[in-house]
Amino acid sequence: MKQLSIFIENKSGTLIRVLDILSRAGIQIIASTVADTKDFGIYRVLCDKPEQAFIMLNESGINVQLTHVYAISIDDEPGRAANAVNMLSQAGISLLYLYSFLWKGRGVLVFRAEPSELVEQVVKANSLTVLDEGEFA
């Protein structure tokens, strides 16, 4: 799945500028999270049209990257996220970051991890359901 990583200053109006651009382009945000420091934040966004959103933001002078992340579907039950993270950890996979949300009664874990080749193996070996942008259309 492709994710936007948008670098924004920690000052009034910078986030709304990004949201306005996405709104005017008809981009539907599926999930988002902000990680911040004193001076700037990284606004991570899953959306229905990541390539179009990337172009629109880039053309507007906003510092944005398009990165690959994994989104896996899990049962919405206590312990399921822990089980999934444990599978990855036991295989020697390092999670760079992770966030989650609910979608149609299912949990969704979104993460970036290394090494990516190993993630693919663990996903297949454990029959985990990987989602892409099309799932949210």
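The values are calculated or read from the model by the stated rules, or taken from the named source; none is laboratory data. None of the values given here were measured: they were computed from a predicted structure. All Cβ positions, even for glycine, are placed from backbone atoms using ideal geometry, and neighbour counts span all protein chains on display. When the accessible area is computed, the model is the full protein with side chains, heavy atoms only, and any ligands, DNA or RNA have been set aside. Shrake-Rupley method; radii C 1.70, N 1.55, O 1.52, S 1.80 Å.
How do THR129, THR33 stack up against each other in accessible area, from largest to smallest, with a 1.4 angstrom probe? Display every interim value, and only then the final one.
On the way: THR129 70, THR33 45 Å².
Largest to smallest exposure gives the sequence THR129, THR33.
Send over a whole-number figure in Å² for the accessible area per residue of the range 44-137, probe 1.4 Å. Please list the in-between numbers first.
Numbers: 5210 Å² over 94 residues.
Here the residues of the range 44-137 average 55 Å² of exposed surface.
Counting pairs of alpha carbon atoms under 8 Å apart in space and at least six apart in sequence, what relative contact order in percent does the chain give?
Rounded, it is 27 percent for the chain.
Report the extension gain between THR67 and SER12 in nm, rounded to one decimal, defined as 0.36 nm multiplied by the number of residues separating them, less their alpha carbon distance.
Details: separation 55, 0.36 × 55 = 19.80 nm, distance 2.61 nm.
That works out to 17.2 nm of additional length.
Counting only Cα atoms, I'd like the Rg/Rh figure for the range 22-74, Kirkwood definition for Rh.
On the way: Rg = 12.1 Å, Rh = 12.3 Å.
Looking at the range 22-74, the ratio lands at 0.98.
What angle do you read, to the nearest 10 degrees and between 0 and 90, between the alpha-carbon axis of helix 80-90 and the longest principal axis of the chain?
80 degrees
Using a 1.4 Å probe on the protein heavy atoms only, what accessible surface does SER12 show? Give it in Å² to the nearest 10.
For SER12, the solvent-accessible surface is approximately 120 Å².
When you take every Cα atom in the range 1-105, what is the radius of gyration, and what is Dmax, the widest Cα pair distance, in Å?
15.4, 44
In whole percent, and with a 1.4 Å probe on the protein chains, what portion of the accessible area of the chain is carbon and sulfur? Walk me through the numbers on the way to the answer.
On the way: 3700 of 7680 Å².
The C+S portion of the solvent-accessible surface of the chain is 48 percent.
Keeping every protein chain in place, order LYS49, LYS38 by accessible area at 1.4 Å, biggest value first, i.e. largest first.
Numbers: LYS49 75, LYS38 180 Å².
Largest accessible area first, the list is LYS38, LYS49.
In nanometres, what is the gap between the two model label sites at SER94 and GLN28, each 7 Å from Cα along Cα-to-Cβ?
3.7 nm
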